1. Tell me, what HN-Hα J-couplings in whole Hz come from the Karplus equation 6.51 cos²θ - 1.76 cosθ + 1.60 at θ = phi - 60° for each residue of segment 360-374, using x for Gly and Pro?
2. For the charge dipole of the chain, defined by +1 on Lys and Arg C-beta atoms and -1 on Asp and Glu C-beta atoms about the Cα centroid, which residue among L104, I318, G234 has the Cα displaced farthest towards the positive pole?
3. Around L32, which amide H atoms from residues at least 5 apart in sequence, or from another chain, sit under 5 Å from its own amide H, with H modelled in the peptide plane?
4. Can you compute 3J(HN,Hα) from phi for each residue in segment 407-422, using the Karplus curve 6.51 cos²θ - 1.76 cosθ + 1.60 with θ = phi - 60°, rounded to whole Hz and x for Gly and Pro?
5. Charges on Cβ only, +1 for Lys and Arg, -1 for Asp and Glu, centred on the Cα centroid of segment 371-454; of Q414, P440, M403, which one is farthest towards the dipole's positive end?
6. Add -39500 (n - 2.57) for each DSSP H run of 4 or more in the chain, then divide by its residues: what number comes out at 222 nm, to the nearest 500 deg cm²/dmol?
7. Nearest 20 debye, what's the magnitude of the dipole of segment 223-344 about its Cα centre given +1 on Lys and Arg Cβ and -1 on Asp and Glu Cβ?
8. Restricting to DSSP loop positions (anything but H, G, I, E, B) with no more than 11 other Cβ atoms inside 10 Å of their own Cβ, which trypsin sites (Lys or Arg not before Pro) remain in segment 333-420?
Amino acid sequence: MSAARPISNERLERGLIAHLPGVSALVSCDRLTGGANQETYRVVAATAGGERAFALRRSLGGLSAAAMPGYPGLRAEAALMRAARAAGVPEPEVYWIFEPDDGLGEGFVMEWLDGETLGKRIVRSDELAAVRPVLAFECGVILARIHSIDVAAAGLTDVLSELPPAGFLEQTYARYRGFDTDQPMIDFTARWLRERLPQTPELKLVHNDFRNGNLMISTDGVVAVLDWELAHIGDPMRDLGWICTNSWRFGNSGLPVGGFGTYEDLFRGYESISGEAVDRHRVKYWEVFGSFWWAVGCLEMANAYRSGLDRGIERAAIGRRSSECQVDCVNLIIPGPVETIEATAQSGVDFPSTDELIAGVASFLRDEVMPSSKGRTQFLARVAANALDIAVRDAGMGPEHRMRQRERLGALLQSEGDLGALRRELVKRLRDGSMPLDQPGLAEYLRESVVNQLAIDQPRYSGLATALSPPPLKMGD
């Protein structure tokens with residue numbers, strides 16, 4: 001495997017001058033926050049008419065798609081954006097796609113567009129209050145246009161993989177089974193999904209990451225659809241279910257479409273262009289799959305940290321977000337009452353205690369480092385502080401949480417052993433089919449273990465409040 005490398009400003013400047021008419025020099029190249037799979041930069045170049053901004057997308061560490069299985073690569077992403085733009089989808093213009101001789105890795109430079117991309121701001125900003133009510137309908141329209149793209153005519157047939165629902169499920173489940181972790185709720189959800197696979201849907205171009213956070217929004221509506229690197233040929237309802245997944249509502253669970261709109265508006269927009277009625281049961285299936293898929297994706301980020309591919313704190317911390325997605329699966333398919341755990345003060349002879357020391361470091365990061373830094377450093381300081389908060393909560397709740405898990409699992413499995421051995425046994429039985437999904441006590445164990453784990457990992461996640469006060473089941477139940 002090639003070693004990850006930072007971007008070369010010298011090579012970038014040389015390429016900008018060669019490929020973009022009017023550019024005379026590179027002024028700056030700053031990496032933006034976010035982007036766990038890819039790198040995004042704001043590039044400013046000098047031109048005869050003054051400074052001009054561009055956006056640069058690059059594979060993580062400059063590595064090619066061959067080093068990251070499952071991704072078609074950024075060359076394909078650039079081609080997809082050009083095809084989508086031609087189909088009437090709001091997209092920036094792509095100016096320069098990197099070649100191997102450029103020495104910059106895999107990536108491209110495109111038009112810089114102004115708009116909001118942060119999901120929380122899109123959901124909460126006063127400036128966007130007037131446009132939010134129409135966004136779900138507009139997203140439906142855009143998705144119908146994406147799904148209408150003729151892949152062969154766009155020259156993308158050999159670029160994109162075909163991934164029917166059964167293959168997509170098994171691919172995702174196989175990735176999870178390759179990690180050194182036993183997460184019973186993921187195995188339960190995989191079984192649930194396998195038993196409800198959509199029946200031979202017509203396969204079309206699927207964006208596969210169409211969600212709040214990958215849309216650029218202005219007061220006029222959607223400015224651009226971003227991040228095409230996961231696109232494939234599959235069930236188009238995957239896109240409609242994914243934008244409804246709770247992870248991308250940014251705390252506003254009452255509006256299922258991105259935290260800004262309703263199912264009805266999304267479907268109405270889609271049907272106005274496609275001329276086809278939306279199958280609501282299939283959308284519900286893909287909403288469940290979305291939480292399952294992202295639960296596995298979060299663990300994959302942590303696996304990248306463990307393997308040494310990326311030792312940044314962001315990768316490690318995202319692994320703990322898997323419990324957010326797992327609780328969403330609980331809420332969608334096995335909602336019910338949960339007994340929660342109260343935190344206990346750490347006892348011992350040390351003064352201050354270990355959890356107090358950790359909390360002090362977290363406060364330092366928030367109160368001192370974050371205000372005095374900016375950009376990615378400020379973002380990572382917040383991530384690091386949040387990771388320390390998890391450690392403090394685990395010290396207060398983890399022992400009781402793990403003891404309860406062991407007791408429930410022992411009763412469920414009619415077996416004895418430590419928690420790790422019991423979880424492995426449950427996972428084994430879920431995988432080989434010897435444990436029925438309706439086994440008495442199984443749903444109760446899963447609910448309690450996942451909900452209390454989330455209370456440790458991220459107690460402010462909206463799915464926790466939903467789990468503790470589940471609403472009546474709705475669409476597609």
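Where a number appears in this text, it was derived from the coordinates with a stated rule and is not lab data. Quick caveat: nothing in here was measured; it's all calculated off a predicted structure. All Cβ positions, even for glycine, are placed from backbone atoms using ideal geometry, and neighbour counts span all protein chains on display.
1. After applying 6.51 cos²θ - 1.76 cosθ + 1.60, I find x, 5, 4, 5, 4, 4, 6, 8, 10, 6, 4, x, 9, 10, 8 Hz.
2. Projecting each Cα onto the dipole axis, the largest value belongs to I318.
3. T40, Y41, R42
4. With coefficients 6.51, -1.76 and 1.60, one gets 5, 5, 5, x, 5, 5, 8, 6, 8, 10, x, 6, 4, x, 5, 5 Hz.
5. Comparing the listed Cα positions along the dipole, M403 ranks first.
6. Values: 16 runs with 223 residues, N = 477.
About -15000 deg cm²/dmol.
7. Numbers: 11 positive and 17 negative charges, 55 e Å.
With only Lys, Arg, Asp and Glu charged at Cβ, the dipole is about 260 debye.
8. On the way: sites: R366, K374, R376, R382, R393, R402, R404, R406, R408; in loops: K374.
Those that pass, being in a loop and sparsely packed, are K374.
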